[in-house]
1. Considering only segment 1-18, state which residues are without any contact (Cβ under 8 Å) to a residue 60 or more places away in the chain and part of a strand (DSSP E or B).
2. Residue under question is residue 197, and the condition is that it be within 18 Å of residue 140 (Cα to Cα), within 18 Å of the chain's Cα centre (by Cα) and free of Cβ contacts under 8 Å to residues at least 24 places away in the same chain; does it hold?
3. Considering only residues that are free of Cβ contacts under 8 Å to residues at least 12 places away in the same chain and within 23 Å of residue 139 (Cβ to Cβ), which ones fall in segment 24-60?
4. Any idea how many residues of segment 7-44 are surrounded by fewer than 16 Cβ atoms within 10 Å (Cβ to Cβ) and farther than 19 Å from residue 75 by Cβ?
5. Filter segment 141-171 for residues that are on the phi > 0 side of the Ramachandran plot and either more than 11 Å from the chain's Cα centre (by Cα) or at pLDDT below 95 (or both) and give the result.
6. Answer yes if at least one residue in segment 202-211 is without any contact (Cβ under 8 Å) to a residue 12 or more places away in the chain and within 20 Å of residue 65 (Cα to Cα), and no otherwise.
7. For residue 79, all conditions in the list (1) exposed (fewer than 12 other Cβ atoms within 10 Å of the Cβ); (2) touching a strand residue (DSSP E or B) at 6+ places or on another chain (Cβ under 7 Å) hold save one; what is the number of the exception?
């Protein structure tokens, strides 16, 4: 099949964006859009800049907006798109560095803001093993921030990307650390979450963030 692949591009150290389209033909409809872009780079010497590592939905690096819907490029396949025109652009809620590469440092800075780490050995609770396992699957891809209607850059609300890791650390930490985490969660996540739950549908790891929210919110009532 023949496709028209359009990329919203931006040169390094330039604020201006421009579109560039490429004709692409293949019979392999299971090919991911990540591999399509790599093919285009080889066929056209296009030099489209993008981040990727595992190509298996495990690293979260290849996040992008495809036909107005945020996905991992390694998750999206040609067969997912009925129309032959595919439009790919960088995530919109992060500053673009070059082409499809965005500055996602906020995802990691927020972990520091919330103090999401253990100060001593994990205190495992058999009752929460499944919850801890599911919460640890978060790959910090940023897609949940992209679709969250309440999240904007530099706001007090740090967004749903922190819910999974907050659940994990709260389930394993000591009492004093737990108190501090609950305080930070209440101020920086709970108070700004509008329960739109768009983050649930978009998560490439199918993490049920609503279940994690319920668990943490129980702790708020006990506080």
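1. Passing the criteria: only 18.
2. Criteria met by residue 197.
3. The answer is 38, 53.
4. 18
5. 154, 159
6. yes
7. Among (1) exposed (fewer than 12 other Cβ atoms within 10 Å of the Cβ); (2) touching a strand residue (DSSP E or B) at 6+ places or on another chain (Cβ under 7 Å), residue 79 violates only (2).
The values are calculated or read from the model by the stated rules, or taken from the named source; none is laboratory data. Just so you know, these numbers come straight off a predicted model, no measurement behind them. When we count neighbours, we look across all protein chains shown, and the Cβ atoms used for this are built from the backbone with ideal geometry, even at glycine.
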